[in-house]
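Trainee: Before I ask anything, here is the structure I am working with.
Values in this text are rule-based calculations from the coordinates and carry no lab data. This one's a predicted model, so the numbers in the text were calculated from it and none came from an experiment. Here the Cβ positions follow ideal geometry from the backbone for every residue, glycine too, while neighbour counts run over all protein chains shown.
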Amino acid sequence: MNIVCIGSGYVGSVTGAAFAVLGHHTTVLDIDQTKVDLMNAGRSPIYEPGLDHLIENYIGKTLFATTDYSTISQADVVFIGVGTPSKADGTADLRYIRLAAQGIGQHLNPDKFTVIINKSTVPVGTADLVASIIEESSGLAADTHFAMASNPEFLREGYALEDVFFPDRIVIGTENPRSKQVLKELYFNLLNRVQYEEKSRDFQFAFNPKAPLPTYYETDIKSAEMIKYASNAFLAVKISYINEIARLCETLGANVTDVAAGMGMDSRIGSKFLQVSSGWSGSCFPKDTAELLATSQKYSCELTVVQAAVESNQQMHDYVVDKIKRKLKTLNGKHIGILGLTFKPNTDDARKTQASVIIKELIDAGARIKAHDPHGMEMFQQLNAALDVQYMPNALDVTNNVDAVVLLTHWDEYLLIDWSQVKTNMRSPYVLDTRNVLKPAYMQELGFDYEGLGINSFR
Ligand code: NAD
């Protein structure tokens, strides 16, 4: 098939590369010339493990990148994967979706039936909006010349290729029989793992022929749009819940790591998303919960559980800051080293991360901050220009003469640094590990005043 993916960000570039690997003629279309140039030079426009390798191998063969919207006229299928950030009132800003829809409409081929698919996370009803913009700008009729579908994306940054080639489920929302057929054909190779064994070298991760096949789940468009928001909000609730349990564990003398492990053994609960943290953050959960809450309020159908999860999450950020304050007494003149600025490891995505909230609170309380992140430092610095942070080129530099080291993101690199050197570097040996990933007994042996979250005893 001829596929166009609009947007070359975390979703568009990965989706485009994956369909190119699966044998489709795929063009990634972005208005950002720099990203398009990077792809055409065989490089990934984002940091995502394995993506550089795929783009390098497929660019110019089945994968193409352009800024030229006229490529739409050749497409059987167009994915919209542009950003949908939050507006000040919490609702999703659909300006990029509207622009993409106009661009599609201006170049839609009247002699071809084209399926237009929203892969971006968009509020319920957005497919209707996109269809009406395309109809207006093309003069062509929905369901005759083109049809809308929703195919929300569930990839995790840092594991995006694995998630795209081996998803749990593919959710398809469309009422149009022709687009249903086109989408089934489009996903055939992925659903049946056609030539996966040969291509596993390109995936750069082990191919497990016994891994369960994805569920192909068809529903109506609005339900598909809602599945994405409801899923993300559910995961946010789950994290807020375990973080509250962690706070109670700490007060009562229980160990949240053991509690989460014991809970996760129940298949009704599952072990994922039960890892303690300084709170959820990133480019998706904050904006998606905000949009869901704004919509629920607009229609007087309030989601009090999601509202509570959002409030609880802010409390978790505050809890981390309070813990540091309790330990260091006053933060005035104290130097704190922050390890990790992205919302999770293996991504350079530093949008709306917990680090920005926590660092701001620490600075407001008088602390001086040094920080490091293996891949997210540049984006974090750009997005948080108002924060007075000293960015360090390597992790050990962050620990020089500081009163505390706070590990916010559990990059492998931080587990492997020379912690005895860190101990020598620090002015006072307090380490707060907000992901409970360091070995408490080892840290104690090295002479650190080590704390995790929701744990009391050293094991
Ligand atoms: P992103 O900001 O990384 O990428 C968006 C890209 O779209 C940018 O490169 C931008 O230049 C481009 N763009 C904007 N307007 C355009 C236009 N009119 N024409 C062509 N290109 C245009 O965003 P992202 O993280 O990839 O997210 C995209 C969507 O997917 C969002 O709705 C997001 O919520 C959703 N999503 C993201 C993830 C994730 O992990 N990042 C996962 C699932 C779903």
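Trainee: Would you mind checking the radius of gyration and Dmax of region 177-292 based on alpha-carbon positions, in Å?
Mentor: 19.3, 60
Trainee: Highest mean first, how do 61-72, 5-16, 240-251 rank when packing is the count of other Cβ atoms within 10 Å averaged over residues?
Mentor: Highest to lowest by the protection proxy: 5-16, 240-251, 61-72.
Trainee: Which residues' amide hydrogens lie under 5 Å from the amide hydrogen of V431, considering only partners 5 or more residues apart or on another chain, with H built in the peptide plane?
Mentor: Amide H to amide H, under 5 Å and 5 or more residues apart or across chains, V431 pairs with V405, D449, Y450, E451.
Trainee: Going by how many other Cβ atoms sit within 10 Å of their own, how do T304, T219 line up, fewest first?
Mentor: Least to most surrounded, the residues fall as T304, T219.
Trainee: While we're on this one: Could you work out the mean projected area of the convex hull around the alpha carbons of region 359-399, in square nanometres to one decimal?
Mentor: Quarter of the Cα hull surface area: 2.8 nm².
Trainee: Which Rg and Dmax, in Å, describe the Cα atoms of region 234-451?
Mentor: When restricted to Cα atoms, region 234-451 yields Rg and Dmax of 17.5, 58 Å.
Trainee: Okay, next question. Counting pairs of alpha carbon atoms under 8 Å apart in space and at least six apart in sequence, what relative contact order in percent does region 2-219 give?
Mentor: Relative contact order of region 2-219: 18 percent.
Trainee: So for the pair L416, S300, with labels modelled 7 Å out along Cα→Cβ, what separation do we get in nm?
Mentor: 5.9
Trainee: In whole angstrom, how long is each semi-axis of the equivalent ellipsoid of region 2-219, when you take the square root of 5 times every eigenvalue of its Cα gyration tensor and sort them from largest down?
Mentor: 26, 19, 17
Trainee: Can you list residues from other chains, or at least 5 along the same chain, whose modelled amide H is less than 5 Å from the amide H of A65?
Mentor: Excluding prolines and chain starts, which carry no amide H, the hits are V28.
Trainee: Mean Kyte-Doolittle of at least -0.5 and a Cα length of 24 Å or more along the axis: which whole DSSP H helices of the chain meet both?
Mentor: 221-252, 304-328
Trainee: Using the Cα centre as the reference, give the magnitude of the dipole from point charges on the C-beta atoms of region 1-160 (Lys, Arg: +1; Asp, Glu: -1; all else neutral), rounded to the nearest 20 debye.
Mentor: 140
Trainee: Moving to a separate point now. Quick check on the chain: of the DSSP beta bridges with both residues there, what percent are antiparallel, nearest 5%?
Mentor: Antiparallel: roughly 5 percent of the beta bridges in the chain.
Trainee: Can you compute the equivalent ellipsoid semi-axes for region 247-289, i.e. the square root of 5 times each eigenvalue of the Cα gyration tensor, sorted largest first and rounded to whole Å?
Mentor: 23, 16, 7
Trainee: So what J values fall out for region 62-71 if you push phi through Karplus, 6.51 cos²θ - 1.76 cosθ + 1.60 with θ = phi - 60°, rounded to Hz, Gly and Pro as x?
Mentor: After applying 6.51 cos²θ - 1.76 cosθ + 1.60, I find 10, 10, 9, 9, 7, 10, 8, 5, 5, 4 Hz.
Trainee: Using Cα-only point scatterers and the Debye equation, what is log10 of I(q)/I(0) for the chain at each q in 0.09, 0.12 Å⁻¹, rounded to two decimals?
Mentor: Debye curve over Cα of the chain, log10 I(q)/I(0) at q = 0.09, 0.12 Å⁻¹: -0.64, -1.08.
Trainee: Another question, then. When ranked by the protection proxy of mean other Cβ atoms within 10 Å per residue, highest first, what sequence do the peptides 45-51, 286-292 form?
Mentor: 286-292, 45-51
Trainee: Okay, helix-only estimate at 222 nm for the chain: each DSSP H run of n ≥ 4 adds -39500 (n - 2.57), divide by all residues, round to 500 deg cm²/dmol; what do you get?
Mentor: Computed mean residue ellipticity for the chain: -13000 deg cm²/dmol.
Trainee: Within the set K327/K423; K370/K423; K238/K344; K87/K272; K272/K327; K323/K344, which residue pairs have Cα atoms separated by over 19 Å?
Mentor: The answer is K87/K272; K272/K327; K323/K344.
Trainee: Can you tell me, using C-alpha contacts under 8 Å and at least 6 residues apart, the relative contact order of the chain as a whole percent?
Mentor: About 12 percent, as a whole number.
Trainee: Treating only the Cβ of Lys, Arg, Asp and Glu as charged (+1, +1, -1, -1), what charge dipole size does region 234-451 show about its Cα centre? Round to the nearest 20 debye.
Mentor: Dipole size: approximately 280 debye.
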